[in-house]
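Inspection log for the structure reproduced underneath, given as structure tokens.
The values are calculated or read from the model by the stated rules, or taken from the named source; none is laboratory data. Given the structure is predicted, the values throughout are model-derived calculations rather than measurements. Quick reminder, even Gly has a Cβ in these numbers, built from the backbone with ideal geometry, and neighbours come from all protein chains shown.
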Amino acid sequence: MESRRDVEHRFDVPPGVMLPDLAQAEGIAAVSTPRESHHHATYYDTDDLRLASHHITLRRRAGGEGPGWHLKVQLDNIRRTELWLPLDTGTTDIPEPLTRQVRAVALGHDLMPVAVVRTTRTERRLLNENGDPVALLTDDNVHGERVGVVSARKAWRELEIELMDDDTALLDSISARLESAGLRLSLSTSKLDRVLSDQLPRPATPRAPGGRRSAGQVVLAHLREQVDDLLFHDLAARRELPDAVRRMRVATRRLRSAFANFRPLLDRRRAGELRGELSWLAAVLGGIRDVEMLVGRLRSLAEAQPDGLIVGPVRQRIDVTLGEAHARAHDDLRSALDGERYPRLVDALETLLAEPPLTARAHRAATRVLPDLLASACRGVTATATAADNAVDREKHDHLLSEVRAAAERAWHAAESVTPVTGLTATRIGRRMRAVQEALEEHRDSVVARTMLWELGRNARQAGDDGFTFGLLHGLERGRAESAERAYRRVIHSAVRRGWHREWPGGLSSPTEERRLALAVGVSRPGFAPSKPGSRSPDPIRDG
């Protein structure tokens, strides 16, 4: 199975428009002799067009160059990723590796032919001054139709500019010349999108009386966006593309935060069940994220030390241990995505969006409901931060800092999701809460790194090696954690003492609330103090 990434622009060619001489475009020195070919493509999807609605196309194409099975995903306005498998002349069945890729999106529905597209293509290569091809120009006359819908036949002409690399400046230069000649950037992302036109499903969302947006409408739109992101990055994560797992994890955590922040607007039982399943998925994705974080963190920390402080095969032990952990984490992810639990989760999310179990409060105006829910999320940060500050045990303190991080993340996500209603106020609150979350994310990463260093040091001693270097790195990581906690105290002061409650018009004016906020972290005490004078926190490397 071959994989590639396309960078392209697609243009509609109005009748009578002549193509300009692209040899005059900046970065282009010549245009090759045209070659003509004929293509016949059958597109597959579910009966309700689930793949197309998520900007995924699956086709079987014959004729021309590159006949075979193509699975394409639109990444953004100009980029898409593609998987290719050769045709098996003995069958028209969709290859199993491709059906597995779209399993979560299809939700177990059968994939069937939904459209047929016939194309007469004229292809030219755009060459630079060295005679090397830098872009491909395809001029297509297209006839497409829905399978079984004679009245849905369409014909049009389109042009595609596809780069040989990621030189988007060249793409912009060529596109500008085409637009000046009268061509228009296409609103369709694919030929299938053009054939299906207005047949793609568009979910409806509730409105408050009088045409105003309801709280439910805003929340459902946010949930829809995150579910789409989850499924979009699902395909990239299966192929281990860069940053795909992280972005899939972000969508998962945003969904989990939404079900926590907006519980009063949804059936509590269903929202709670979904939040639990999303926590499971986030943990699976987090396993890969933690290993990738540790690889970069521990390698850079070890490489920064003078050779005289590297005792034994430290770097090799880090690489081998984390390499094995990375392979296991990816195996766990593949098992999760190919298992039964994950598709059930996606199905439950889609069902909730199709038939939202909204409460009466969700039908009220968003401007009256969502600010209170954001304020509630922010109060959760205040409460957990105060509890962490009052903890007298280091282990309990660190655990509660993790709870503060989670609460700040929920408040940050809540602020983002209600920004369409509250504007700059929510933006400022979200920025402060994000700063708290990021400071404590660094603190958490240090805790994870110290745990791994303790294991590496123990394994080194068991193998007869000196564990000195791992103890040294453990101490450096403790310094990083202390630095992260100092950064946290600065940003929590801004978020809690001078932050959200003073931004909120008519929000928290209670003197009791003001006094409680004044006692929050960064105000009540400048730093954490152990419960007993002279006590120290346990160090597993030093004490083990």
Has region 382-400 got at least one residue that is of a type in the set (D, E) and more than 21 Å from L440 (Cα to Cα)?
no
Only one residue in P343, P356 is of a type outside the set (S, T, Y), touching a residue at least 12 places away in the same chain (Cβ under 8 Å), over 18 Å from S494 (Cβ atoms) and not in a helix (DSSP H, G or I), so which one is that?
P356
Please count how many residues of region 12-70 are of a type outside the set (V, I, T) and part of a loop (DSSP other than H, G, I, E, B).
23
Those residues of region 253-290 which are assigned to a helix (DSSP H, G or I), among the aliphatic types (A, V, I, L, M) and more than 18 Å from the chain's Cα centre (by Cα) amount to A260, L265, A271, L274
Go through T91, T119 for me and flag whichever is of a type in the set (S, T, N, Q), touching a helix residue (DSSP H, G or I) at 6+ places or on another chain (Cβ under 8 Å) and in the same structural domain as L22 (by TED's automatic domain parsing).
T119
If I filter region 291-313 down to residues being part of a helix (DSSP H, G or I) and not hydrophobic (A, V, I, L, M, F, W, C), which single residue comes out as nearest to V218 (Cα to Cα)?
E292
Out of curiosity, is R153 surrounded by 14 or more Cβ atoms within 10 Å (Cβ to Cβ), in a strand (DSSP E or B) and not hydrophobic (A, V, I, L, M, F, W, C)?
no
For region 138-163, what are the residues that are among the aliphatic types (A, V, I, L, M) and more than 29 Å from D47 (Cβ to Cβ)?
L159, I161, L163
From the list L171, L187, L126, exactly one residue is within 28 Å of P15 (Cβ to Cβ) and in contact with a helix residue (DSSP H, G or I) (Cβ under 7 Å, 6 or more places away or on another chain). Which is it?
L126
Just to be sure I understand, how many residues within region 84-135 are more than 25 Å from A348 (Cα to Cα) and part of a loop (DSSP other than H, G, I, E, B)?
15
I161: within 21 Å of V31 (Cα to Cα), modelled with pLDDT of 85 or more, among the hydrophobic types (A, V, I, L, M, F, W, C) and in contact with a His (Cβ under 7 Å, 6 or more places away or on another chain), yes or no?
yes
When you look at Q217, is it at pLDDT 90 or above, touching a strand residue (DSSP E or B) at 6+ places or on another chain (Cβ under 7 Å) and either surrounded by 15 or more Cβ atoms within 10 Å (Cβ to Cβ) or of a type in the set (A, V, I, L, M, F, W, C) (or both), yes or no?
yes
From the list A387, A411, A426, which residue is modelled with pLDDT of 90 or more and crowded, with 19+ Cβ neighbours inside 10 Å?
A411
May I ask you to list pairs of residues, at least six apart or on different chains, whose Cβ atoms are under 8 Å apart, with the first in region 229-252 being buried (at least 20 other Cβ atoms within 10 Å of the Cβ) and the second being in a helix (DSSP H, G or I) and among the hydroxyl-bearing types (S, T, Y)?
L230/T252
Output the residues belonging to region 175-198 that are among the aliphatic types (A, V, I, L, M) and surrounded by fewer than 16 Cβ atoms within 10 Å (Cβ to Cβ).
A176, A181, L185, L187
Do we have D332 as in the same structural domain as W412 (by TED's automatic domain parsing), more than 26 Å from Q437 (Cβ to Cβ) and surrounded by fewer than 18 Cβ atoms within 10 Å (Cβ to Cβ) here?
no
Determine if region 342-365 includes at least one residue that is small (G, A, S), under 22 Å from the mean Cα position of the chain (by Cα) and assigned by TED's automatic domain parsing to the domain that holds G286.
yes
When you check R428 against the structure, is it more than 20 Å from S257 (Cβ to Cβ), assigned by TED's automatic domain parsing to the domain that holds S300 and in a helix (DSSP H, G or I), yes or no?
no
What residue, among those in region 71-82 that are in a strand (DSSP E or B) and at pLDDT below 85, is surrounded by the most Cβ atoms within 10 Å (Cβ to Cβ)?
V73
